[in-house]
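Everything below concerns the one structure shown next.
The values are calculated or read from the model by the stated rules, or taken from the named source; none is laboratory data. Just so we're clear, the structure is a prediction, and the values are computed from it rather than from any experiment. Here Cβ is always computed from backbone atoms with ideal geometry, including for glycine, and neighbour counts include all displayed protein chains.
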Amino acid sequence: MNSPESSMKQSGEVAAARPSGRQPVIVLGTIGHDAHIVGSSVLRFAFEEAGFRVVFLGAVVPPEEFISAAKESAADAILVSSMYGMGRIDCADFGDKCKEAGLGHVKLYLGGILVTDPEHWPETEALFKGYGFDRVYPPQTKAETAISDLKKDLGLSS
Ligand code: B12
């Protein structure tokens, strides 16, 4: 773990990479009735360490709560974790709900263990992209992968 000073330096670096100079904000949590909180917590600390402000909603979060938190915090991205296999139900139309709430510009990322049945990954990815997610990650994805992707998507990477 870095010292608070080095975290502040990193957060300053990420913010300085933006024309606005504003620290990028993500909303993060585990959707629906899903109680698995460990993966989200790992992501939380990794994103904070990388200089993002994280609005951490914890586990058992209804889709509407992600959306209201993103509006309140003027979030750049919403990161949804789904571990218990009910992702199809919890995530259906998430993108449409975000657009209806005026959040069409917000990046939507989804990861975890999304389906219970052993489908081929490209089918699973296509299914959830159809629900409006910009990026969909297979099980065991490392936080670093999503951090690197989000920096790219927000135009922050060097
Ligand atoms: C611990 C655990 C529990 C604990 C959770 C405690 C808690 N509060 O967190 C308890 C005992 C409560 C539990 C309950 C259940 N569980 Co459980 N659980 C697990 C277990 C063993 C470990 C999960 C974990 O903490 N992993 C450690 C973290 C660090 O890893 P991670 O969660 O995978 O997250 C990483 C990546 O996946 C990724 N990631 C995750 N989300 C996202 C999101 C984004 C955007 C990105 C980029 C990356 C990302 O980043 C993280 C860091 O690298 C897994 C098995 C497993 N090996 O995964 C089963 C597992 C997830 N559980 C499972 C099931 C079925 C259940 C129950 C439904 C069982 C039941 N019948 O009651 C209930 C559901 C309860 C509920 N309402 O959610 C299944 C899910 C099957 C599926 N999806 O098809 C699993 C896979 C076990 C299995 N092999 O069957 N569980």
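One table, with the values for the structure above:
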item	result
Residue list for segment 18-30, filter: in contact (Cβ under 8 Å) with a residue 24 or more places away in the chain, surrounded by fewer than 22 Cβ atoms within 10 Å (Cβ to Cβ) and in a loop (DSSP other than H, G, I, E, B)	ARG18, GLN23
Close pairs from segment 109-125: first in contact (Cβ under 8 Å) with a residue 24 or more places away in the chain, partner of a type in the set (Val, Ile, Thr) and in a helix (DSSP H, G or I), Cβ under 6 Å, at least 6 apart	LEU114/THR124; VAL115/THR124
Positions within segment 115-132 being at pLDDT 95 or above and either within 9 Å of the ligand (Cβ to nearest atom) or among the small types (Gly, Ala, Ser) (or both), in sequence order	ALA126, GLY130, GLY132
Positions within segment 31-68 being more than 10 Å from the ligand (Cβ to nearest atom), within 18 Å of ALA101 (Cβ to Cβ), in a strand (DSSP E or B) and under 12 Å from the mean Cα position of the chain (by Cα), in sequence order	VAL55, LEU57
Selection within segment 126-158 - touching a residue at least 60 places away in the same chain (Cβ under 8 Å) and of a type in the set (Lys, Arg)	LYS151
Residue in segment 104-114 that is farthest from ILE26 (Cα to Cα), counting only those that are within 11 Å of the ligand (Cβ to nearest atom) and small (Gly, Ala, Ser)	GLY112
Those residues of segment 140-158 which are within 14 Å of the ligand (Cβ to nearest atom), assigned to a loop (DSSP other than H, G, I, E, B) and either surrounded by 12 or more Cβ atoms within 10 Å (Cβ to Cβ) or aromatic (Phe, Trp, Tyr) (or both), in sequence order	THR141, LYS142
Condition check for ASP90: under 20 Å from GLY130 (Cα atoms), within 14 Å of the ligand (Cβ to nearest atom) and acidic (Asp, Glu)	yes
Any hit, segment 77-97, residues being at negative phi and in contact with a Lys or Arg (Cβ under 8 Å, 6 or more places away or on another chain)	yes
Residue list for segment 97-135, filter: of a type in the set (A, V, I, L, M) and farther than 28 Å from SER20 by Cβ	ILE113, LEU114, VAL115, ALA126, LEU127
Selected residue [among the small types (Gly, Ala, Ser) and buried (at least 16 other Cβ atoms within 10 Å of the Cβ)] from ALA46, ALA101	ALA46
Enumeration of residues in segment 86-138 that are of a type in the set (Gly, Ala, Ser), within 16 Å of PRO62 (Cβ to Cβ) and in a loop (DSSP other than H, G, I, E, B)	ALA92, ALA101
